[in-house]
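Sharing a structure with you now.
The values are calculated or read from the model by the stated rules, or taken from the named source; none is laboratory data. Quantities reported herein were computed from a predicted structural model and do not represent experimental measurements. Please note: Cβ atoms are built from the backbone with ideal geometry, for glycine as well, and neighbour counts cover all protein chains shown. These accessible areas exclude ligands, DNA and RNA; they are computed on the full protein's heavy atoms, side chains included. Shrake-Rupley method; radii C 1.70, N 1.55, O 1.52, S 1.80 Å.
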Amino acid sequence: MSPLTLSMSSAIDNLLPHSLFDSNNDTPIQEIHFRISAVNQLLMSFLNEVQQNPTVWDYVDPIQLKLLFIKHRELITETKTVFQDGSKIMALLDNMEHTIDKIEELFPEQSGFNFDLERMKERVEGEFIALPSHIKTAKEIKAWLLNG
């Protein structure tokens with residue numbers, strides 16, 4: 001996982017631990033509101049950064065981020081069952097979902113990698129051509145390739 005995705009995951013996990021909404025947990029509503037607001041701000045800041053600087057994807061693994069979003073969407077859905085429509089917390093949760101949707105729309109195009117296992121196995125077990133050990137430079141490689 002890239003450092004930025006890992007740090008975002010850690011921040012969200014620390015702000016919204018899964019036990020926060022346990023029925024045995026008597027966390028004050030103000031703390032829940034604060035934590036959800038903080039995660040919402042983190043997501044909105046990340047969205048803003050992605051919109052202004054598309055090179056942020058050089059530092060973030062979209063696949064890991066997608067897995068993080070799946071995990072936290074489940075938490076958002078679970079949390080929504082605790083609060084009433086029209087509450088400030090419900091509005092924040094809706095905004096978090098909306099922000100995640102916007103970030104996902106900005107994910108870079110994935111390569112068309114083919115996960116055809118049979119084809120991979122064939123390639124791994126196939127014939128390999130080794131470069132002779134006496135060839136060291138690009139010019140020698142080119143000559144070897146052209147002349148066989």
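Looking at (1) β-branched (V, I, T); (2) at pLDDT below 80; (3) open to solvent by less than 50 Å² (accessible area, probe 1.4 Å), which one does I89 not meet, given that it meets all the others?
(2)
To continue, here is another question. So which helices (runs of 4 or more DSSP H) are wholly in region 48-136 and hold at least 3 residues that are under 27 Å from F34 (Cα atoms) and among the polar types (S, T, N, Q)?
Of the helices (runs of 4 or more DSSP H) lying wholly inside region 48-136, those with at least 3 residues that are under 27 Å from F34 (Cα atoms) and among the polar types (S, T, N, Q) span 62-80.
Among the residues of region 105-116 satisfying the criterion of being within 14 Å of D61 (Cβ to Cβ) and open to solvent by less than 90 Å² (accessible area, probe 1.4 Å), which is modelled with the lowest pLDDT?
Out of the qualifying residues, it is P108.
Give the residues of region 55-88 that are under 18 Å from E105 (Cβ atoms), touching a residue at least 24 places away in the same chain (Cβ under 8 Å) and not acidic (D, E), sorted by residue number.
Residues satisfying the conditions are V56, W57, V60, P62, Q64, L65, K66, L68, F69, H72, R73.
Additional query: If I filter region 117-141 down to residues being under 41 Å from the mean Cα position of the chain (by Cα) and among the charged types (D, E, K, R), which single residue comes out as surrounded by the fewest Cβ atoms within 10 Å (Cβ to Cβ)?
So the residue we want is E127.
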